[in-house]
């Protein structure tokens, strides 16, 4: 609950931000998860299931989501809650790579619950890149060159689609630009086809590659 209240405070203070929560859902009480979101004050930002694109279609623009104040996207790992509580079942809308050490082998493959990465009826792509046992010093290595290389491999495996979400451990640790550089690359590729999002801005000194 406290974490959700922190998210509510962030969204209240940053009205133009979009937040996505991908929940490993172990809440067994009927409607328990919905009540927690209601109590935290986050329901007022809820992006409704009825508006989520089906069959791999495009999502609304950030501008439209902010204008409608529907800027909190929530996914659950519990399939039953899509019907029972109107919370989107994660793997109906995205493909996801293998998590843990099995996802660090250099082969970009889907986790068991996910459709194949190339399935474009799921419009979102989540790439996991972290070890089974979280170790801060080791994450420095993972969150550097290895992460950038994996994102390129997964782009091809996902049918020439860049990752919308990246999951790592110790996101502030790296031996270089790290996760922040990776996200800048992903945003640049998706916005304007450049290796760095800064190159998408008119007059930028960063050249498009």
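Could you please give the count of residues in segment 166-176 that are out of contact with any helix residue (DSSP H, G or I) (no Cβ under 7 Å at 6 or more places or on another chain) and surrounded by fewer than 16 Cβ atoms within 10 Å (Cβ to Cβ)?
The number of residues fulfilling the criteria is 1.
Out of segment 50-62, which residues are loosely packed, with under 10 Cβ neighbours inside 10 Å and part of a helix (DSSP H, G or I)?
50
Looking at 47, 10, 37, can you tell me which residue is assigned by TED's automatic domain parsing to the domain that holds residue 85, modelled with pLDDT of 95 or more and loosely packed, with under 13 Cβ neighbours inside 10 Å?
After ruling out the rest, the residue left standing is 10.
Hey, among the residues in segment 108-121 that are loosely packed, with under 14 Cβ neighbours inside 10 Å and free of Cβ contacts under 8 Å to residues at least 40 places away in the same chain, which one's nearest to residue 90 (Cα to Cα)?
113
Could you count how many residues in segment 132-156 are farther than 22 Å from residue 190 by Cβ and surrounded by 17 or more Cβ atoms within 10 Å (Cβ to Cβ)? Explain how you work it out, then say what you get.
Going through segment 132-156, the residues farther than 22 Å from residue 190 by Cβ turn out to be 132-142.
With surrounded by 17 or more Cβ atoms within 10 Å (Cβ to Cβ) added as a condition, the list becomes 139, 142.
The qualifying residues number 2.
What about residue 97, is it closer than 23 Å to residue 151 by Cα and at pLDDT 95 or above?
Criteria met by residue 97.
Exactly one of (1) closer than 24 Å to residue 20 by Cα; (2) part of a helix (DSSP H, G or I); (3) over 16 Å from the mean Cα position of the chain (by Cα) is unmet by residue 120. Its number?
The failed condition is (2).
The values are calculated or read from the model by the stated rules, or taken from the named source; none is laboratory data. Keep in mind that this is a model prediction, so the values were computed, not measured. Using ideal geometry, Cβ is built from the backbone for each residue, glycine included, and neighbour counts are taken over all protein chains shown.
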